[in-house]
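Down below is the structure, laid out as structure tokens.
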Amino acid sequence: MAKKREIHEYSSDPAAQQMLARAEELGIQTAFTRADDMAPCNIGGAGMCCKQCGMGPCRLTKDGQVGICGATIDTIQARNLARAIAAGAAAHSDHGRDMAFLLKATANNEAEGYFIRDIAKLRIVAGYYDIPTEGRSPEEIANDLADLYIAQYGQQRGEAAPIRRAPKKRQELWRAQGVVPRGVDREIVETLHRTHIGDDQDLEHILEHAIRTALADGWGGSMMATDISDILFGTPAPILGQANLGVIKENMVNVVVHGHEPSLSEMIVAASQDPEIIEYAKAAGAQGINLSGICCTANEILMRQGIPAAGNFLHQELAIMTGAVEAMIVDVQCIMQALVSLATNFHTKIITTSPKVRLKGATHIEFDEHKALTIAKQILKVAIDNFKERDRSKTQIPQIKEDLIPGFSNEYINYMLGGSYRGSFRPLNDAIMSGRIRGVAAVVGCNNPRSSQDYLHNKVTKDLLKQDVLIVQTGCGAIAAAKLGLMLGEAGLSEVGPGLREICETVGIPPVLHMGSCVDNTRILTVLTQMVAEGGLGDDIDQIPAVGLAPEWMSEKALVIGAYCVASGAYVIFGGASPVSGMPDRVADSDLVQKYISQGWEERYGGKLDFILDPDEMVKVALEHIDKKRAALGLPEYNPEAFGRSGDARMRNLEALPLEERRKAIYGTAAD
Ligand code: SF4
Ligand code: MSK
């Protein structure tokens, strides 16, 4: 059994620490304490166990040992990794499939409560695929786009259509490597086939198909999910929001939505604003309905509607422990089975809604887009009816929350940098070329109770900001930074290097940009592609001074994101243990897969995947990579001394001067 940690070691978030103390008081187990009790299996953890057939499981722990079928350690590790990537691709892409069906139903007026909110984005996306737009209604265009996207899933031959949105050079590279995906379903099925007993047994061959499967998600299923979410619910733009458990309110009916698909959560938002529902809540003795989100559902409604985020992945149990949540409504992905038994200590109802996900002991109210608003109201009434069951003696809400400005979609970044008539990435590219911004880092991904919640995310984020690295974030990492106050304009700027600070002050942005949920990592691919198109930073993504980091990863979706970013040319650094680390001190050649996904993928794609435990080392190698890319482009060496004296900083310095001297400095004369 691992050592039991202290509360401050479980989480760096003070709200979480309060709730964890409460859990100890009540004798309630959480993911944090279960992680202490569950020592990880070092053989499985290193990818050295195969369960692919009934002759096994085979655990390869000795030099030269092979499985009963003769499979070698590298075959087993490659198969394990490929399967995890395929599972992650399936989760993201199946979300995209449901969005495509929703778009089809909306276009045909069969989806109660939904409509096309962003016609401009619909026309832009249709344009990528040569779908005619002139003289056609949004519904006609959306119907064609939905048909095209639905067909992408089962496409048997030819190239996946969204691939054409990547830089030309990258597309050619993928063709040369033979990894351009066909349909999403085909690539996932082929991964499962190839990794079945007695199939593909060459590590490189297996992992190249894993890349093809990952691309089918990143430049396919996930990208389609993001497109459709924006078309139906609006492309995100900055909006004021809040994050952390303090958003739960004492006198309201608290409803927490948790999971991933905005199709459900957007309709719950709409229903919660319905006068009939508000009256129903008041009749139950509450002041109204208070909606908040957990995980990526939180990100979806936060960045579009300003609905507050109660927290990230490891906050799901803690929200229930406030004793003030009438219902937690869940759909798909990242929902802990522990919620149901935890909720029995309080009055909270766990309501499952997806035909794909049930939790034993939960209330199931199945969501159907054809009568979505009706069902959303029905769900809220169940929550309201439960308000009277709340036990005030068990209620304890940490009074901790932070403001943030989410909603930096690639479209908005383009607009904010250039303005509505000349939207452009030019200022960003120029800032990188001049060295004001040293590079860009995407700090993304999950929480993992094996490390201290949010600590690694926020440590690498703060260290990179000091080095003038602009940060973009998605998923639970974004909520970690939001809870710390790094996503609110001036609030985060004290932590920032001088050059980046000048840019943030000039453009009026926080130094950490919230770009959405985990499925929205494709927005980052789009930004990188637009930076290439803008010019000055090379002709492909792998030349941009940029890195991706997932310091607290835990899900298979994180692995597919890592793989498609690598295939797109990015250097990706994961924190925590590698699932294919092997034990090279005990079993020779048990790190061949680990080496291949780093050096091997770098030779093929210019991007690579490394697992690094120490956050200082993560930051060091990230900066080395950024500087290496700067040098390869012939850009000036990063020099923080060169910047920080213009913009607001100049004005602040001037304010310290006597009036006459200040006038002279500004106008060149002391006269009025
Ligand atoms: Fe063992 Fe081979 Fe079966 Fe894997 S596929 S469990 S290595 S016999
Ligand atoms: S919810 S996949 S814990 S980011 Fe997208 Fe968070 Fe990771 Fe789930």
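The values are calculated or read from the model by the stated rules, or taken from the named source; none is laboratory data. These numbers were taken from a predicted model, which means no experiment stands behind them. All Cβ positions, even for glycine, are placed from backbone atoms using ideal geometry, and neighbour counts span all protein chains on display. These accessible areas exclude ligands, DNA and RNA; they are computed on the full protein's heavy atoms, side chains included. Shrake-Rupley method; radii C 1.70, N 1.55, O 1.52, S 1.80 Å.
Can you pull out every residue in region 57-70 that is surrounded by fewer than 16 Cβ atoms within 10 Å (Cβ to Cβ) and of a type in the set (A, V, I, L, M)? If the condition is that a residue be surrounded by fewer than 16 Cβ atoms within 10 Å (Cβ to Cβ) and of a type in the set (A, V, I, L, M), then Val66, Ile68 are the ones that fit. Checked against the criteria, Asp98 counts as open to solvent by 40 Å² or more (accessible area, probe 1.4 Å) and within 16 Å of ligand 2 (Cβ to nearest atom).
Within region 102-112, can you find the residues that are of a type outside the set (A, V, I, L, M), within 19 Å of Thr374 (Cα to Cα) and buried (at least 17 other Cβ atoms within 10 Å of the Cβ)? Thr106, Glu112, listed by residue number. State whether one or more residues within region 80-102 are farther than 22 Å from Ala214 by Cβ and in contact with a helix residue (DSSP H, G or I) (Cβ under 6 Å, 6 or more places away or on another chain). The answer is yes, given that some residue of region 80-102 is farther than 22 Å from Ala214 by Cβ and in contact with a helix residue (DSSP H, G or I) (Cβ under 6 Å, 6 or more places away or on another chain).
For Ala78, indicate whether it is more than 16 Å from ligand 1 (Cβ to nearest atom) and not basic (Lys, Arg). Reasoning before the result, please.
Working: more than 16 Å from ligand 1 (Cβ to nearest atom): no; not basic (Lys, Arg): yes.
Spelling it out, it is not the case that Ala78 is more than 16 Å from ligand 1 (Cβ to nearest atom) and not basic (Lys, Arg).
The residues on offer are Ile85, Ile28, Ile73, Ile43, and the sole one that is among the β-branched types (Val, Ile, Thr), open to solvent by less than 50 Å² (accessible area, probe 1.4 Å) and within 16 Å of ligand 2 (Cβ to nearest atom) is Ile85. Of Val566, Val621, Val547, all but one fail to be more than 29 Å from Lys62 (Cβ to Cβ), of a type in the set (A, V, I, L, M, F, W, C), away from ligand 1 (no atom under 16 Å from the Cβ) and open to solvent by 20 Å² or more (accessible area, probe 1.4 Å); the exception is Val621. With the requirement that a residue be in contact with a helix residue (DSSP H, G or I) (Cβ under 6 Å, 6 or more places away or on another chain), in a loop (DSSP other than H, G, I, E, B) and not polar (S, T, N, Q), what does region 388-415 give you? Pro398, Ile400, Lys401, Pro406, Gly407 - these are the residues of region 388-415 that are in contact with a helix residue (DSSP H, G or I) (Cβ under 6 Å, 6 or more places away or on another chain), in a loop (DSSP other than H, G, I, E, B) and not polar (S, T, N, Q). Across region 60-72, the qualifying residues are those that are more than 9 Å from ligand 1 (Cβ to nearest atom) and touching a helix residue (DSSP H, G or I) at 6+ places or on another chain (Cβ under 8 Å), and the one among them that is farthest from Gly198 (Cα to Cα) is Thr61. Every condition in (1) surrounded by 15 or more Cβ atoms within 10 Å (Cβ to Cβ); (2) assigned to a helix (DSSP H, G or I) is met by Ile131 except one, and the failing one is (2). State all residues of region 282-300 that are surrounded by fewer than 24 Cβ atoms within 10 Å (Cβ to Cβ) and among the hydrophobic types (A, V, I, L, M, F, W, C); if no residue qualifies, say none. Once the filter is applied, which keeps residues that are surrounded by fewer than 24 Cβ atoms within 10 Å (Cβ to Cβ) and among the hydrophobic types (A, V, I, L, M, F, W, C), region 282-300 yields Ala283, Ala284, Ala286. Filtering region 452-491 to residues that are open to solvent by 30 Å² or more (accessible area, probe 1.4 Å) and either β-branched (Val, Ile, Thr) or closer than 16 Å to Pro14 by Cα (or both) leaves Tyr455, Lys459, Leu484.
Of all residues in region 532-553, those satisfying the criterion of being under 24 Å from Ser229 (Cβ atoms) and either in the same structural domain as Glu261 (by TED's automatic domain parsing) or in contact with a strand residue (DSSP E or B) (Cβ under 8 Å, 6 or more places away or on another chain) (or both) are Gly548, Ala550, Trp553. Of the numbered criteria (1) farther than 30 Å from Ala120 by Cβ; (2) in contact with a Cys (Cβ under 8 Å, 6 or more places away or on another chain), the one Lys381 fails is (2).
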